[in-house]
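One structure is given below, encoded as structure tokens.
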Amino acid sequence: MQKLQGIAVSPGVAIGEALVMDNEGFRIPQRFVARDAVENEIERLDKAIAAAAAEIARNRDVVTKELGEKYGAIFEAHLQMLQDQRLRADLEELIRDRHYSPEYAVSRKMRQYVQVFQRLESSYLAERANDIVDIEKRLLRHLLGHRRENISQLTSPVLVLAHNLTPSETANLDRRFVQGFATELGGPGSHTAIVAEALEIPAVVGAGPFLAEVSGGDTVIIDGDRGIIILQPDEETLARYRHESRELQAQAARLQSLRDLPAETADGARISLLGNIEFPYEVEHCIDRGADGVGLYRTEFLYLGSDSEPNEEHHYQAYRQVVEAMNGKPVTIRTLDLGADKIPHLPKPEDEKNPFLGLRSIRLTLRNLPLFRTQLRAILRVSALGNVQVMFPLVSTLMELRQAKMVLADVMEDLDENDIDYNRSLPVGMMVEVPAAVMMIDHFLEEVDFLSIGTNDLIQYTLAVDRSNRDVVGLYNPSDPAVLKLLSIAIGASVRKGIPISLCGQMSGSITYMMLLLGLGLRSFSVTPSAIPELKNVCRRLTIPDCEMVAQKAMTMENARDITAYLRGELKKRVPDASF
Ligand code: PEP
Ligand code: MG
């Protein structure tokens, strides 16, 4: 038995068989082929090259059409590299003369090319090394097709163990069979963690190197509450966790009985408990938990969950599903927050050194107007069907907000010209997730209908801590007094001006912060749907004056650890069964 400590990112306990993925999601053993299999293996290589070439050509055509020749040319260059006769001859030689398997030959040869390119003086050519890695992965995907199916076409329950999972890989996990996952890399606010919550499966990230210690089929426990992974547990540990898992289910059933009661404090203040969703199917999770609406729909997952570029109709159908299911309750659709760790299939103009400070989110959409306009058209069209609001992410300057609103107005005009129905008074809001936006809050409040605070980013940009980096996880802390000051400024200004404000970062789903946030004046929490019952249970046992007193005291404290301990202690006094 081996016990590892990682970062808990999605609650619950999963016990089951391991499915192990290596660094790249591929396993490339040093394998050799028998002499009489050589011809078949070369044929397999040719088929993989042809399939990869067809895929690249399709991408080239789509990208050229949507974004222009300049971007299409990137894929054209990939195609030429892949179809280079010299490469084909080198690979054949490795299979024919050295009896390498095609996978091993591709992996060896491409790595050699990468090294040659990286040594070149020209920085332009050195950067092309990434293109070779891309081609290598694509070829391997075709060669290893059957092994990749392990992850996407499962037939029995597994716990996925991987070095790292990107948000799109996580989004593509098969929900019917993947019962939990654990990774060596990853931080507490990474989007991979957020997707795990959407899938409602226990998950632990940032556990450090452990894959060498485990084989596929081993029994594993993932404890998503404490951030623990147990490899090959002994009988006693297994029994303990099985018992705990049953207890958790019983507790969830008890909380579920609150579903139809209003979320309000003991002294009658109505609280809005909204759901954060990434995929349309999660609207069911919101309804099951009695959510008051959808406070954050992360629409970029439409890109991350699919292989091709979504068009206006894809957007529209996804939003329609959500808006209709919510049946008149508010749905806040956030425009695309792509970039940083949420990388779509779009080619990036440059390799970014600091992607979280780079071309992400509203910056990216404002530079890709066709993409932005397509999405806004879909949002406007769906606004005719229910209670829809639109929200812009990562706004850091007034100019950005104004530009985004201008594009929206322009798209509205288009719809008018074409007699397409939409809500002319669609509420327009923005996320507050950059300290600059808090500093300028009074100006922003003049120009929006509502605000939503994104603490996942606000914390990382305030404390200069990458939210997805396990090495600095100790510095990423919602209780930091600097973060609390920014929250207090933003909430206070909105309340004074009478503009609705909610909080949709992970922080609002933690009961630890409920007294503080209520005490600062917040009345709307947008959280992962599974957190709603517990928050409702807690808020129904609190009173506002009490929360205000606790918030005032917390705001005088100087360090995060004391603040967390204080907030938990005060909550425990009022809600003795609260567990953290
Ligand atoms: C946030 O930053 O808090 C937020 C809700 O947005 P995301 O996690 O998608 O960046
Ligand atoms: Mg954010």
Q. Mind checking which aspartates and glutamates have their C-alpha under 18 Å from K572, skipping anything on the same chain fewer than 8 residues away?
A. E534, D546, E548, D562
Q: May I ask which residue of H285, L274, Q321 lies farthest towards the positive end of the charge dipole of segment 201-340, with charges of +1 (Lys, Arg) and -1 (Asp, Glu) on Cβ and the Cα centre as origin?
A: L274
**Q.** Label-point gap, in nm, between L398 and V472 - each point 7 angstrom along Cα→Cβ
**A.** 3.1
Q.
What are the ³J(HN,Hα) couplings of segment 359-372, residue after residue, when phi is run through the Karplus curve with 6.51, -1.76, 1.60 and θ = phi - 60°? Round to Hz, x for glycine and proline.
A. 7, 10, 6, 4, 5, 5, 5, 5, 9, 10, 4, x, 4, 5
(Q) Charges at C-beta only: +1 for Lys and Arg, -1 for Asp and Glu. How large is the resulting dipole of segment 411-495 about its Cα centre, in Debye rounded to 20? (A) 800
**Q.** Theoretical gain in end-to-end length, S306 to A269 [0.36 nm per residue, Cα-Cα removed]
**A.** 9.1 nm
Q) If the cut-off is 30 Å between C-alpha atoms, which lysines fall inside it for K65, apart from same-chain ones fewer than 8 positions away? A) K47, K137, K342, K348, K353, K405
(Q) Under the rule a/c < 1.5 gives rounded, and otherwise a/b versus b/c splits prolate from oblate, where does segment 157-213 land using the Cα gyration tensor? (A) oblate
**Q.** Cleavage-rule hits, GluC sites (Glu not before Pro), segment 401-505, DSSP coil, Cβ neighbours within 10 Å at most 15
**A.** E446, E447
Q: Return one number: the angle in degrees, 0 to 90 and rounded to the nearest 10, between the long axis of the Cα atoms of helix 398-417 and the longest principal axis of the Cα atoms of the chain.
A: 80
Q: Equivalent ellipsoid semi-axes for segment 427-491, as square roots of 5 times the alpha carbon gyration tensor eigenvalues: give them largest first, rounded to whole Å.
A: 24, 12, 8
Q. Which stretch or stretches of segment 291-316 have amide N atoms under 18 Å from the point lying 7 Å from A384's Cα along the Cα→Cβ direction?
A. 312-316
Q) Given a Förster distance of 45 angstrom, what is the FRET efficiency for M406 paired with A34, based on the Cβ-Cβ distance and rounded to 0.05? A) 0.10
Q: Give me the lysines in straight-line cross-link reach of K485: C-alpha distance below 20 Å, same-chain residues under 8 apart excluded.
A: K497, K553
Q.
Quick check on segment 204-299: what are the equivalent-ellipsoid semi-axes from the Cα gyration tensor, as sqrt(5λ), descending, whole Å?
A. 35, 19, 12
Q.
Compute the distance from the alpha-carbon center of segment 402-426 to that of segment 459-520, in whole Å.
A. 33
Q: Quick one: dipole size for the chain, taken about the Cα centre, charges +1 on Lys/Arg Cβ and -1 on Asp/Glu Cβ, in debye to the nearest 20.
A: 880
**Q.** Sites L357 and M1, calculated FRET efficiency, Cβ-Cβ separation with R0 56 Å, nearest 0.05
**A.** 0.85
Q | Exposure proxy ranking, count of Cβ atoms within 10 Å, fewest first, for V9, V411 | A | V411, V9
Q.
Need one number for segment 280-403: average projected area of the convex hull over its C-alpha atoms, nm².
A. 7.9
**Q.** Nearest-ten-degree value, helix 38-67 long axis tilted from longest Cα axis of the chain
**A.** 50
Q | Rounded D (µm²/s) - segment 428-546, Kirkwood Rh over Cα pairs, Stokes-Einstein at 20 °C, 1.002 mPa s | A | 146
Q) Is the shape of segment 488-531 rounded, prolate or oblate, going by the alpha carbon gyration tensor and its root eigenvalues a ≥ b ≥ c, with a/c under 1.5 for rounded and a/b larger than b/c for prolate? A) prolate
Q | Approximate spin-label separation A77-T237, in nm, with each point projected 7 Å along Cα-to-Cβ | A | 4.9
Q. In the calculated pair distance distribution of the chain, what percentage of Cα-Cα distances lie above 48 Å?
A. 15
Q: Pop out the ³J(HN,Hα) list for segment 432-443 in order, Karplus 6.51 cos²θ - 1.76 cosθ + 1.60 with θ = phi - 60°, rounded to Hz; leave Gly and Pro as x.
A: 10, 9, 10, x, 4, 5, 5, 4, 9, 4, 4, 5
Q | Cα-derived Rg to Rh of segment 241-341, Kirkwood definition | A | 1.07
Q: For segment 372-389 and segment 241-275, write down the distance between their C-alpha centroids in whole Å.
A: 32
**Q.** Amide H contacts under 5 Å for T528, placed H, 5+ residues apart
**A.** N276
Q: With runs of 4+ DSSP H residues as the only contributors, calculate the mean residue ellipticity of the chain at 222 nm using -39,500 (n - 2.57) per run, divided by the residue total and rounded to the nearest 500.
A: -15000 deg cm²/dmol
Q: Using only Cα atoms, tell me the angle between helix 235-256 and the longest principal axis of the chain; keep it within 0 to 90° and round to the nearest 10.
A: 50
Q: Hey, can you grab everything whose amide H is under 5 Å from the amide H of I271? Only 5+ residues off in sequence or another chain; H modelled, so Pro and N-termini drop out.
A: A263, E264, T265
**Q.** Contact order relative to length of the chain, as percent, for alpha carbon pairs under 8 angstrom and 6 or more apart
**A.** 14
**Q.** Sequence of F450, F525 once ranked by neighbouring C-beta atoms within 10 Å, starting from the fewest
**A.** F450, F525
Q) How much net charge surrounds I229 when only the other residues with a Cβ under 12 Å from the Cβ of I229 are counted, with Lys and Arg +1 and Asp and Glu -1? A) -2
Q: Quote the FRET efficiency, to the nearest 0.05, computed for R88 versus R320 with a Förster distance R0 of 56 Å and r equal to the Cβ-Cβ distance.
A: 0.75
Q.
Can you pull out the trypsin sites (Lys or Arg not before Pro) in segment 328-431 whose DSSP state is coil and whose Cβ has at most 12 other Cβ atoms within 10 Å?
A. K353, R424
**Q.** In Å, descending, principal axis extents of the Cα set of segment 358-436
**A.** 39, 24, 16
Q) What is segment 518-563 by shape, rounded, prolate or oblate, if you read a ≥ b ≥ c off the alpha carbon gyration tensor as root eigenvalues and call it rounded for a/c under 1.5, prolate for a/b larger than b/c, and oblate otherwise? A) prolate
Q) Gain in length, D131 to R561, computed as 0.36 nm per residue apart minus the alpha-carbon separation, to one decimal in nm? A) 150.3 nm
Q | Amide hydrogen neighbours beyond the local backbone of T332, cut-off 5 Å, H modeled | A | V294, G295, L296, Y297, Q389
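We did not get these values from a lab; they are worked out from the coordinates using the rules stated. Quick caveat: nothing in here was measured; it's all calculated off a predicted structure. Heads up, the Cβs are rebuilt from the backbone with ideal geometry, glycines too, and the neighbour counts pull from every protein chain shown.
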